[in-house]
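**Q** I have a structure here, written as structure tokens, and I will follow up with some questions on it.
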There are 2 protein chains.
Amino acid sequence: MSLQFQIEASAGAARARRLITPHGEVETPVFMPVGTVASVKGVPQDVLEELGVQILLGNTYHLYLRPGVETVRRLGGLHGFMAWPRAILTDSGGFQVFSLNELRKVTEEGVTFRSHLDGSEHFFSPESAMEAQIGLGADIVMAFDECTEYPADRDRARASMELTLRWAERSKKYFEEHKNEVPWSSNGHVGTAVPTWSEKTQSLFGIVQGGNYRDLRRESAERTIEIGFPGYAIGGLSVGEPRDLTREIVESTIEHLPADQPRYLMGVGTPEEIVEYASLGIDMMDCVLPTRAARHGLLFTSEGKVSIKQARYSQDQGPLDANCGCRVCRRYSRAYLRHLYASNELLAQVLNTIHNLSFYLDTMRRVRHSIRLGEESRFLSNIWSRPKP
Amino acid sequence: MSLQFQIEASAGAARARRLITPHGEVETPVFMPVGTVASVKGVPQDVLEELGVQILLGNTYHLYLRPGVETVRRLGGLHGFMAWPRAILTDSGGFQVFSLNELRKVTEEGVTFRSHLDGSEHFFSPESAMEAQIGLGADIVMAFDECTEYPADRDRARASMELTLRWAERSKKYFEEHKNEVPWSSNGHVGTAVPTWSEKTQSLFGIVQGGNYRDLRRESAERTIEIGFPGYAIGGLSVGEPRDLTREIVESTIEHLPADQPRYLMGVGTPEEIVEYASLGIDMMDCVLPTRAARHGLLFTSEGKVSIKQARYSQDQGPLDANCGCRVCRRYSRAYLRHLYASNELLAQVLNTIHNLSFYLDTMRRVRHSIRLGEESRFLSNIWSRPKP
């Protein structure tokens, strides 16, 4: 077994578990910060460790283009390359191919696309996306899927779902035949600070699609489970649909996923959303929101959102969030953070990102704590119980 | 006494001393990192502390424009505003007015200049520059001077020197009358993490000018000393003149400065230069080189300069500098640093800056160690004794 998923506690539909990967344990429900090209923008790895990050997400599309899979593989996979000894998950590249390429061409075989960096032409198939992810060497990798666009009518959503199912089978077949080629498996680890896991390999998760049709989502879940994966993701959401619809689809899809395996909701969400989806039984989530918003001066606090660029903070001696114990809130005033942002100082992006990640990780820590206390009925209110000013 | 300068050891002309400021002790010879607008670009204050930074430099011109002196003053001066409890030195604004303003207008009264941010018109006089520096509240502040351009003929250099001498008198007069208005003096400290020094005030240093004329430098030194300051800076160098000439002027000027007071060489230099000037008896230096070069991918190592953008490092698993113990060299490979730079990742600028600062601070630590060992004859070779590859 390369992945274990141990039961700790539950509260209603929510569950607190422990996901054991070749590179360490991950307490779930977990929020995974996005480190697109092997870096969470602006934050050194030791700070991520201090924040309590247990698993990072890397983007296969970006890493495939730069620095290239072969470079990462030779340097020990992502763990060795970026000197990150804890768990990593990579996406399949499918989402970026769809979101960053207006000129992509999809065939049964795969997707032809152009690099957003230099316009060069590339091709991803289920097989080549698996090959790339094996070279990158994340602990958890994702089947190559088509992220169905929103809106999509029923015929389009079904055709896209069927393609994703065929690609899931091909992904699994290639992965099973090549998973021992991971850079940190029997070949021995070539990087630093990462233990050798000679008997462990990566784990491949399947992805449920089906647009916003509950019956298609159910069929997609059942047929993906039939193919068989150690974990399942819900894809194709948070792509422009109304939030009520997202929640409805998530809730109905969860019903059809195995209770004893991890459930990963891709690309979600706001602080309120990650709490809500954890309460519905989601175990893993990722989103660029905390890091991207930070770089634009939008900060999440226990008393709501703060747009630190506003002049109202220019004389504000208080901490960004009086209820936050992160190294930013412990040391700096809102006035200083506002000044750094207004002056376009690098440190603004660094400190803002550290705080927003801290806020997200603390939020999930409180969610896990509430679940362990079994506080189902007061679940959401426990998380957001702090007095408003 | 707001400043003490205690003798520790000497080796030839070089001296190891201890500068005691209202915000802590500074071991000299010292290199002062530049934190232009109250931030060393990209580096959080706790990392600066960990690197062993004992004194930072702030730029009065930039801080006066943004966030403004009154804002900084209200928030406890620079120490409170930027949450930096250790020593700070501010320049007078003179150098930036001259280097960033082609349309400046100099009169006996002062300098009219335009903001590089929005083109608005401003005026600095010795009095207003002192007022600004008292509001910013650095431990050491600088007299308002005219930084003589290079080249300057003898008449121009003399006229400029005479102006600087008249401005030095006016600077001292205003400073003496207003130094108790410093934000952390008897009014009590309004920021955090900074001790109250109710009996201490700032210290004002004089600046020696005189272009590249040894006799003018001597006259400038003697007449500045006559006005009387607790420390003296050598200004107007590193402004385009040949390095041999810089060294010659520094060496000849030092002869005319009091042995028992700090000597500050402004705007210098490369790692080799800071070692050399320390060996000549300079106690304090500052330069944007380590931080600015870092942001452009130019890194200083014990084996020479490394331009990390070069493709030759793309597969290089070794640390940036095998002889460096900084958190960057301990953790990351050259290949990873090259990838971050090539991908224009924020983290490149953060990590590169941390390493270059670490290299500069380590260099000065080794200089001080050599002086304490009294190793005059092998002074320079001790610092650069590591085997070349």
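**Q** For chain B, give me every cysteine whose Cβ has no other Cys Cβ within less than 4.7 Å, ordered by residue number.
**A** B:Cys147, B:Cys287, B:Cys326 - these cysteines have no disulfide-compatible partner (Cβ-Cβ under 4.7 Å) in chain B.
**Q** Would you mind checking A:Lys200/B:Lys41; B:Lys41/B:Lys173; A:Lys305/B:Lys179; A:Lys105/A:Lys172 for any pair whose Cα atoms are more than 32 angstrom apart?
**A** Long pairs (Cα-Cα over 32 Å): A:Lys200/B:Lys41; B:Lys41/B:Lys173; A:Lys305/B:Lys179.
**Q** Using a basic spin-label model with each label point 7 Å from the Cα along Cα→Cβ, how many nm lie between B:Phe123 and B:Ser252?
**A** It is 3.8 nm.
**Q** Under a 1.4 angstrom probe, counting protein chains only, how are A:Met266, B:Met130 ranked by accessible area, largest first?
**A** A:Met266, B:Met130
**Q** In nm, what does the list of distances from B:Glu50 to its counterparts in the other copies look like, shortest first, when each label sits 7 Å along Cα to Cβ?
**A** B:Glu50 label point versus its equivalents elsewhere: 0.5 nm.
**Q** Just by accessible area at a 1.4 angstrom probe, what is the order of B:Lys179, B:Lys105, A:Lys309 from largest to smallest?
**A** My answer, sorted largest first, is B:Lys105, A:Lys309, B:Lys179.
**Q** Calculated from DSSP H runs of 4 or more alone, at -39500 (n - 2.57) each and per residue, what is the 222 nm mean residue ellipticity of chain A, nearest 500?
**A** -12000 deg cm²/dmol
**Q** Name the longest site-free stretch of chain B, where the excluded sites are GluC sites (Glu not before Pro) in a DSSP loop with no more than 10 other beta-carbon atoms within 10 Å.
**A** Longest run free of exposed loop sites: B:200-389.
**Q** Tell me, what is the FRET efficiency for A:Ala13 and B:Gln4 to the nearest 0.05, using R0 = 56 angstrom and their Cβ-Cβ distance as r?
**A** Here the calculated transfer efficiency is 0.25.
**Q** Related question: Please compute the Kirkwood hydrodynamic radius over chain A, one decimal place, Å, based on all pairs of different Cα atoms.
**A** 21.4
**Q** By how many degrees, between 0 and 90 and to the nearest 10, does the Cα long axis of helix A:271-280 differ from the longest principal axis of chain A?
**A** Helix A:271-280 and the main axis of chain A meet at about 50 degrees.
**Q** Hey, another quick one. Using a 7 Å offset from the Cα along the Cα-to-Cβ direction at both B:Thr270 and B:Gln310, what is the distance between the two label points in nm, to one decimal?
**A** Calculated label separation equals 1.6 nm.
**Q** I've got another one for you. Roughly what angle does helix A:126-136 make with the longest principal axis of chain A, taking Cα atoms, 0 to 90 degrees, to the nearest 10?
**A** Long axis of A:126-136 versus the principal axis of chain A: about 50 degrees.
**Q** Here is a further query. Kindly state, to the nearest 0.05, the FRET efficiency for A:His296 paired with B:Asn323, given R0 = 60 Å and r defined as their beta-carbon distance.
**A** E(calc), rounded to 0.05, equals 0.90.
**Q** Pull out the extension gain between A:Glu375 and A:Lys173, defined as 0.36 nm times the separation in residues minus the alpha carbon to alpha carbon distance; nm, one decimal.
**A** My answer for the length gained is 68.5 nm.
**Q** Ignoring ligands, DNA and RNA and using a 1.4 Å probe, state the total buried accessible area between B and A in Å², rounded to the nearest 100.
**A** 3600
**Q** Could I ask something else about it? Which whole-number percent gives the relative contact order of chain A, counting Cα pairs below 8 Å spaced six or more residues apart?
**A** 17 percent.
**Q** Ordered shortest first, which distances in nm separate the 7 Å Cα→C-beta label point of A:Asp244 from those of the other copies?
**A** The projected label point of A:Asp244 is separated from its counterparts by 8.2 nm.
**Q** While we're looking at this one, here's another question. I'd like the accessible area for A:Leu100, computed on protein heavy atoms only with a 1.4 Å probe and all protein chains in place. Round to 10 Å², please.
**A** Answer for A:Leu100: close to 80 Å² accessible.
**Q** Here is a follow-up. Assume the label is 7 Å from Cα along Cα to beta carbon: what separations in nm does A:Gly325 have to the matching positions in the other copies?
**A** Copy-to-copy label distances at A:Gly325, shortest first: 3.0 nm.
**Q** What angle do you read, to the nearest 10 degrees and between 0 and 90, between the alpha-carbon axis of helix A:154-178 and the longest principal axis of chain A?
**A** 80
**Q** In addition: Could you state the accessible area per residue of chain A in Å², with a 1.4 Å probe and every protein chain left in place?
**A** Using a 1.4 Å probe on heavy atoms only, each residue of chain A averages 37 Å².
**Q** Could you calculate the FRET efficiency of B:Asn180 with B:Asp244 from 1/(1 + (r/R0)^6), where r is the beta carbon distance between them and R0 is 45 Å, rounded to 0.05?
**A** 0.50
**Q** Could you run the Karplus curve 6.51 cos²θ - 1.76 cosθ + 1.60 with θ = phi - 60° over the stretch A:308-313 and give me ³J(HN,Hα) per residue in whole Hz, x for Gly and Pro?
**A** Each residue of the stretch A:308-313 in turn: 5, 6, 5, 4, 4, 8 Hz.
**Q** While we're here: Hey, rough spin-label estimate for A:Glu102 and A:Asp153, points 7 angstrom out along Cα→Cβ, what's it come to in nanometres?
**A** Label at A:Glu102, label at A:Asp153, 2.4 nm between them.
The values are calculated or read from the model by the stated rules, or taken from the named source; none is laboratory data. Quick caveat, the model's predicted, so the values are computed rather than measured. Cβ: placed from backbone, ideal geometry, glycine included. Neighbour counts: every protein chain shown. Just the protein is used for accessible areas: all its heavy atoms, side chains included, with ligands, DNA and RNA removed. Shrake-Rupley method; radii C 1.70, N 1.55, O 1.52, S 1.80 Å.
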